[in-house]
Amino acid sequence: MLLAVAAQGEVRQYKAGDLLIVEPWAQELPPNAPTVAVYFELRNRGLDNDTLTSVDTPIAGDAQLHQHTSQDGMMKMQQVQGVTIPASGHAVFAPMAFHVMLLDLKLSSPLQAGQHFPLTLHFAKAGDFVVEVQVLTQAPVQDDAGEHAH
C-alpha cells in the first residue's frame, strides 16, 4: 500500500468539515524499526470543539494517540484516549508533543523518503477522514500559504 510520490513545494492540507489536517508526515525509518510516529497539525475553523478519538492505517497492527509529558523532570510518553481541537484553535502533533504511534508495522521494507501511506482519522463530530502521510527525512516547513481541499 506504499506508493512513491513526487516532491511538492506546497503545504499539504486536507479539509474535513470545519477541520484542516495540515502536513501529515512520518520520519524515514531504519531497517527493522518496530514503530513509527506520525505528525500533523489540526486546525479547527468552526465554532465548536471537536475531538480526534482514534486513528488507523493498513500498514500497522495498532495505531495509538500518544502525548509526551514531563513527570519528575523526565519526559514520558503516554497513550491518550482523544485529543480535543478547540473551536477556532488547533492541536499540534509534533516530536515531544501529541503524536500518533504506529505499532506492529506490517512492512516488508522500511519506510523511505518519498513514500506515503493512508491514515484514517476518526473525529467525534467531523467523522472519519483519510489522509496520505508523507515519509520524509526531516520535518516539513509549514506556513499558512494556500488552503485547498483534497
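Pull up the range 71-84, narrow it to residues that are touching a strand residue (DSSP E or B) at 6+ places or on another chain (Cβ under 8 Å) and in a loop (DSSP other than H, G, I, E, B), then point me to the one that is surrounded by the most Cβ atoms within 10 Å (Cβ to Cβ). Write out each step before concluding.
To start, the set of residues in the range 71-84 that are touching a strand residue (DSSP E or B) at 6+ places or on another chain (Cβ under 8 Å) comprises 75-84.
Applying the additional criterion that residues be in a loop (DSSP other than H, G, I, E, B) yields 80-82.
Details: Val80: 12, Gln81: 9, Gly82: 14.
The residue in question is Gly82.
Six or more apart or on different chains, Cβ atoms under 7 Å: show the pairs whose first residue is in the range 87-108 and exposed (fewer than 13 other Cβ atoms within 10 Å of the Cβ) and whose second is of a type in the set (D, E, K, R) and in a strand (DSSP E or B).
Matching pairs, first to second residue: Leu103/Asp62; Asp104/Asp62.
Which of the residues that make up the range 52-61 are in contact with a Lys or Arg (Cβ under 8 Å, 6 or more places away or on another chain) and within 12 Å of Val80 (Cα to Cα)?
Going through the range 52-61, the residues in contact with a Lys or Arg (Cβ under 8 Å, 6 or more places away or on another chain) turn out to be 58-61.
Scanning the range 52-61 gives no hits.
(1) farther than 16 Å from Ile21 by Cβ; (2) assigned to a loop (DSSP other than H, G, I, E, B); (3) not charged (D, E, K, R): which one isn't true of Gly61, the others all being true?
(2)
With the structure loaded, tell me whether His68 is surrounded by fewer than 15 Cβ atoms within 10 Å (Cβ to Cβ), more than 13 Å from the chain's Cα centre (by Cα) and within 12 Å of Ile21 (Cβ to Cβ) or whether it fails that test. Working first, answer last.
Working: surrounded by fewer than 15 Cβ atoms within 10 Å (Cβ to Cβ): yes; more than 13 Å from the chain's Cα centre (by Cα): yes; within 12 Å of Ile21 (Cβ to Cβ): no.
So His68 does not fit the description; no.
Every number here is computed from the coordinates shown, using simple stated rules; none is lab data. These numbers come from a predicted model, not from an experiment. Note that we place each Cβ from the backbone using ideal geometry, even for glycine, and neighbour counts take in every protein chain shown.
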